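Visitor: Got a structure for you, written out below as structure tokens; questions coming shortly.
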Amino acid sequence: MRIAFVGKGGSGKTTLSSLFIRHLAAASAPVLAIDADINQHLGTALGLDERTAAGVPPLSRFTDEIKDYLRGDNPRIPSAAEMVKTTPPGSGSRLLRFGSASPLDDWCTYDFSRTIDEHSIADLAGVRLMVTGVFDESDLGVACYHSKVGAAELYLNHLIDGPGEYVVMDMTAGADAFASGLFTRFDATFLVVEPTRKSVSVYRQYREYADEYGIVVHAVGNKITEPGDLAFLRGEIGDALIGGLTFSRAVRAQERGERISLEQLEPENRTLLADLQRRVDEVPKDWARYTELAHHFHVKNAHRWANSAVGKDVTTQIDPDFSLVGHVAVVSGA
């Protein structure tokens, strides 16, 4: 299952993402954590020191290698240069199976179970981390941040994940996620909202666009310090609000750089995380719809910018005879 945490900058996406990852890991669930926010803090929120977190090789550094690997011998994609971030898989493409080895493990994945030293965190043994990369000085005036998350979008387009396997992405702020079809690559989307009018307006903006494509968005409150905060969000958002993360000394300690265990979290906040997982696990996986949306946004992006960038019609990369459904059945044993 793929889960996205989105919301206004500073709303607490990274905090909720990291706590949810810890919750899943505590139940021994395998988790791939992806930091796709322009401010890359998920690694440190999970307990890595800043030097170790900064040393995780970013996906964006290996975009060409990732493209070359994923295109395989797909005749519709003769070179990595002709592959764009929305390119869907087809016959001959290499698919990524959750938990199975691939070159990306060595290129750009930090495995929390690999290193048994001062950086290892025992309760995250089933967690792997990928980061999209920071927006640095060399990018200014040359590229937008969406170029950094392109490799992550390609990864999700070619990934087959099964029951009990979780991808958790800490997303870019606000409506930036709509710059491509990335927002459709998830089974569940949690929008983190503060008890303020500005944060609620971001939720409504995101929800309006997501509704157009049938994407269900759940709201999760953060920075809840009194009953009035939750009442305000209930009044503004209604039943889409799952609940709210209350003030937490454990979270405050985590934000100071201290390593915390999930047991230090308050009972009501642990209950919230369990409720989030229940919502995720109840979502039926719809691979056919997933493929349909991938093709839709590939065509949309082709006409908007990709055909011009590549110098040819990239809509021909869509293989109408290829279906992920058959590959999923093989993996699941169905």
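The values are calculated or read from the model by the stated rules, or taken from the named source; none is laboratory data. Here the structure is a predicted model, which is why all the values come from computation and not from measurement. Counting neighbours? That spans all protein chains shown, and the Cβs are built from the backbone with ideal geometry, glycine included.
Visitor: Restricting to region 174-208, and then to whatever is out of contact with any strand residue (DSSP E or B) (no Cβ under 7 Å at 6 or more places or on another chain) and of a type in the set (A, V, I, L, M), can you tell me which residue is surrounded by the most Cβ atoms within 10 Å (Cβ to Cβ)?
Guide: If we take residues in region 174-208 being out of contact with any strand residue (DSSP E or B) (no Cβ under 7 Å at 6 or more places or on another chain) and of a type in the set (A, V, I, L, M), then Leu182 is surrounded by the most Cβ atoms within 10 Å (Cβ to Cβ).
Visitor: Continuing with this model, one more query. Mind checking whether some residue in region 33-46 is among the aliphatic types (A, V, I, L, M), modelled with pLDDT of 95 or more and more than 17 Å from Val168 (Cα to Cα)?
Guide: No; the residues of region 33-46 include none that is among the aliphatic types (A, V, I, L, M), modelled with pLDDT of 95 or more and more than 17 Å from Val168 (Cα to Cα).
Visitor: Right, another one. Cβ-Cβ below 6 Å, separation at least six or inter-chain, first residue in region 194-214 and over 18 Å from Thr172 (Cβ atoms), second of a type outside the set (S, T, N, Q): which pairs?
Guide: Final answer for the pair search is Pro195/Asp229; Pro195/Phe232; Pro195/Leu233; Val200/Glu236.
Visitor: Also, I was wondering about something else. Scan region 100-109 and tell me whether some residue there is surrounded by fewer than 16 Cβ atoms within 10 Å (Cβ to Cβ), charged (D, E, K, R) and closer than 27 Å to Thr315 by Cα.
Guide: Within region 100-109 (the criterion being surrounded by fewer than 16 Cβ atoms within 10 Å (Cβ to Cβ), charged (D, E, K, R) and closer than 27 Å to Thr315 by Cα), the answer is no, since none of the residues qualifies.
Visitor: Give region 20-37 a look and list any residue that's in a loop (DSSP other than H, G, I, E, B) and surrounded by fewer than 23 Cβ atoms within 10 Å (Cβ to Cβ), or say none.
Guide: Ala27, Ser28, Ala29, Pro30
Visitor: Surrounded by 11 or more Cβ atoms within 10 Å (Cβ to Cβ), under 27 Å from Arg207 (Cβ atoms) and modelled with pLDDT under 95, is that true of Val251? Show your work before the answer.
Guide: Numbers: surrounded by 11 or more Cβ atoms within 10 Å (Cβ to Cβ): yes; under 27 Å from Arg207 (Cβ atoms): yes; modelled with pLDDT under 95: yes.
Considered against the rule, which asks whether it is surrounded by 11 or more Cβ atoms within 10 Å (Cβ to Cβ), under 27 Å from Arg207 (Cβ atoms) and modelled with pLDDT under 95, Val251 comes out as yes.
Visitor: Search region 49-72 for residues that are on the phi < 0 side of the Ramachandran plot and pair each with any residue that is in a helix (DSSP H, G or I) and loosely packed, with under 15 Cβ neighbours inside 10 Å when their beta-carbon atoms are under 9 Å apart and the residues are at least 6 apart or on different chains.
Guide: The qualifying pairs are Asp64/Ala81; Lys67/Ala81.
Visitor: Looking at region 65-75, which of the residues that are among the acidic types (Asp, Glu) and in a helix (DSSP H, G or I) is surrounded by the most Cβ atoms within 10 Å (Cβ to Cβ)?
Guide: Ranking the qualifying residues of region 65-75, first place goes to Asp68.
Visitor: Now a separate question. State yes or no: is Gly92 within 19 Å of Glu65 (Cβ to Cβ), at pLDDT 65 or above and either in contact with a Ser or Thr (Cβ under 8 Å, 6 or more places away or on another chain) or surrounded by fewer than 12 Cβ atoms within 10 Å (Cβ to Cβ) (or both)?
Guide: When the stated conditions are applied, Gly92 does not pass them.
Visitor: So which pairs qualify, if the first residue must be in region 231-253 and farther than 19 Å from Lys198 by Cα and in contact (Cβ under 8 Å) with a residue 60 or more places away in the chain, the second must be crowded, with 19+ Cβ neighbours inside 10 Å and of a type outside the set (Phe, Trp, Tyr), the Cβ gap must be under 7 Å, and the two must be at least 6 apart or on different chains?
Guide: Val251/Thr15
Visitor: Need a quick list: helices (runs of 4 or more DSSP H) entirely within region 190-306 having at least 3 residues that are among the acidic types (Asp, Glu).
Guide: Qualifying helices (runs of 4 or more DSSP H): 267-281.
Visitor: Another question about this same structure. Could you tell me whether any residue of region 49-64 is surrounded by fewer than 17 Cβ atoms within 10 Å (Cβ to Cβ), more than 24 Å from Thr189 (Cβ to Cβ) and in contact with a Phe, Trp or Tyr (Cβ under 7 Å, 6 or more places away or on another chain)?
Guide: Scanning region 49-64 turns up at least one residue that is surrounded by fewer than 17 Cβ atoms within 10 Å (Cβ to Cβ), more than 24 Å from Thr189 (Cβ to Cβ) and in contact with a Phe, Trp or Tyr (Cβ under 7 Å, 6 or more places away or on another chain).
Visitor: OK, next. Determine whether region 308-318 contains at least one residue that is within 23 Å of Phe190 (Cα to Cα), out of contact with any helix residue (DSSP H, G or I) (no Cβ under 7 Å at 6 or more places or on another chain) and not aliphatic (A, V, I, L, M).
Guide: no
Visitor: To continue, here is another question. Does Gly326 satisfy the criteria of being surrounded by fewer than 12 Cβ atoms within 10 Å (Cβ to Cβ), over 24 Å from the mean Cα position of the chain (by Cα), of a type outside the set (Phe, Trp, Tyr) and at pLDDT 95 or above?
Guide: The answer is no for Gly326.
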